[in-house]
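The values are calculated or read from the model by the stated rules, or taken from the named source; none is laboratory data. Computed from a predicted model, the values in this text were never measured in an experiment. Quick reminder, even Gly has a Cβ in these numbers, built from the backbone with ideal geometry, and neighbours come from all protein chains shown. Quick note on the areas: whole protein, heavy atoms, side chains included, nothing else; ligands and nucleic acids left out. Shrake-Rupley method; radii C 1.70, N 1.55, O 1.52, S 1.80 Å.
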Amino acid sequence: MEKIHLSIIINAPKEKVWDIMLGKDTYPLWTDVFMPGSYYIGDWSEGSKILFLAPDEKGKTGGMVSKIKENRPYEYISIEHRCEIEDGKEKEVEWAGMLENYTFNEINGKTEVSIDMDAVEEFKEMMQDMWLKALQKLKELAEK
């Protein structure tokens, strides 16, 4: 397992960045970078199950089943990925237990968003590239 660490400075308060990053209506706008049509079902409360979904090339729903491991509003959220959804069914994966963590630090009215996550070695470079684009999109949305 590899580690990815990325961060970006966004000229907006951390509450606004948090709300845009996790909001039901705004989440699909910046996660479209990963998979067009991305959305989630569930909520971000600690301990809750959350499904990260998108239509695949054939129009079938795919994605991940995850758990919100920790949630400190406007400061930190940790997501534990459990399994994959393929053709609408849960499928065990070797990467079960991988973490994706977001940290929000406000400095002089600006917010540093840091992403720390586990990645499968063969997908690390691709994930870093997509995350850089996603963070840029998040920045554009939050700075409007």
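Annotations for the structure displayed:
- Number of positions in the stretch 112-126 that are open to solvent by less than 40 Å² (accessible area, probe 1.4 Å), of a type outside the set (Asp, Glu) and more than 11 Å from the chain's Cα centre (by Cα): 4
Results for (1) touching a Phe, Trp or Tyr at 6+ places or on another chain (Cβ under 8 Å); (2) within 24 Å of Thr111 (Cβ to Cβ), shown as yes or no for each residue.
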position	(1), (2)
Glu2	no, no
His5	no, yes
Ile9	no, yes
Lys14	yes, yes
Pro28	yes, yes
Asp43	no, yes
Gly47	no, no
Asp56	no, no
Gly63	yes, no
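- So Trp18, is it modelled with pLDDT of 90 or more, surrounded by 16 or more Cβ atoms within 10 Å (Cβ to Cβ) and out of contact with any strand residue (DSSP E or B) (no Cβ under 9 Å at 6 or more places or on another chain): no
- Test result for Met64, in a loop (DSSP other than H, G, I, E, B), touching a residue at least 12 places away in the same chain (Cβ under 8 Å) and closer than 20 Å to Met127 by Cα: no
- Taking the listed residues Ile50, Ile41, Ile9, the one that is under 23 Å from Glu143 (Cα atoms) and at pLDDT 95 or above is Ile9, with no other qualifying.
- Hey, Glu140 open to solvent by 50 Å² or more (accessible area, probe 1.4 Å), within 18 Å of Ile10 (Cα to Cα) and without any contact (Cβ under 8 Å) to a residue 60 or more places away in the chain or not: yes
- Search result, residues across the stretch 93-111 that are closer than 21 Å to Asn71 by Cα and open to solvent by less than 50 Å² (accessible area, probe 1.4 Å): Gly97, Met98, Leu99, Glu100, Asn101, Tyr102, Thr103, Phe104, Thr111
- Residue, nearest to Ile10 (Cα to Cα), within the stretch 108-137, restricted to residues that are among the hydrophobic types (A, V, I, L, M, F, W, C) and without any contact (Cβ under 8 Å) to a residue 40 or more places away in the chain: Met126
- Evaluated against (1) surrounded by 17 or more Cβ atoms within 10 Å (Cβ to Cβ); (2) under 24 Å from Asp129 (Cα atoms), Ile68 falls short on exactly one condition, (2).
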